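Taking it in order: structure first as structure tokens, then the write-up.
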Amino acid sequence: MTLYEFNSLSLGEKQSTIWEKGVFLDNYVTKDVRINCYAIDKFFVEVYYDAEHNTITNFTAFKYGSNLDKYSKI
């Protein structure tokens with residue numbers, strides 16, 4: 001699957017793809033935000049989670065860049 005193919009999926013299809021093909025890498029948690037990062041083939045997907053409402057609110061897919069910085073422990 002390519003990044004373009006993933007981005008063209010519906011919300012439900014994105015969820016299914018992440019659970020079936022995604023490899024969990026790390027999470028990022030602050031007072032306001034909870035994000036899980038997954039790898040699928042040659043790109044990454046951030047899953048934004050609303051803990052108060054127990055729902056997934058957004059997906060952000062990317063290949064590289066500053067989105068990965070928050071997972072660095074440095």
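Of note:
- Looking across segment 1-31, just one residue is among the hydroxyl-bearing types (S, T, Y) and touching a strand residue (DSSP E or B) at 6+ places or on another chain (Cβ under 6 Å), and that is Y28.
- If you go through segment 30-53 and keep only what is among the small types (G, A, S) and open to solvent by 40 Å² or more (accessible area, probe 1.4 Å), you end up with just A51.
- Residue check for N27: within 17 Å of S72 (Cα to Cα) and surrounded by 12 or more Cβ atoms within 10 Å (Cβ to Cβ): yes
- Scanning segment 54-74 for residues that are in a helix (DSSP H, G or I) and surrounded by 12 or more Cβ atoms within 10 Å (Cβ to Cβ) yields a total of 4.
- Of all residues making up segment 8-26, the number that are without any contact (Cβ under 8 Å) to a residue 24 or more places away in the chain, touching a Phe, Trp or Tyr at 6+ places or on another chain (Cβ under 6 Å) and over 12 Å from C37 (Cα atoms): 0
The values are calculated or read from the model by the stated rules, or taken from the named source; none is laboratory data. Keep in mind that this is a model prediction, so the values were computed, not measured. Using ideal geometry, Cβ is built from the backbone for each residue, glycine included, and neighbour counts are taken over all protein chains shown. Note: accessible area is taken over every heavy atom of the protein model, side chains too, but ligands, DNA and RNA are not part of it. Shrake-Rupley method; radii C 1.70, N 1.55, O 1.52, S 1.80 Å.
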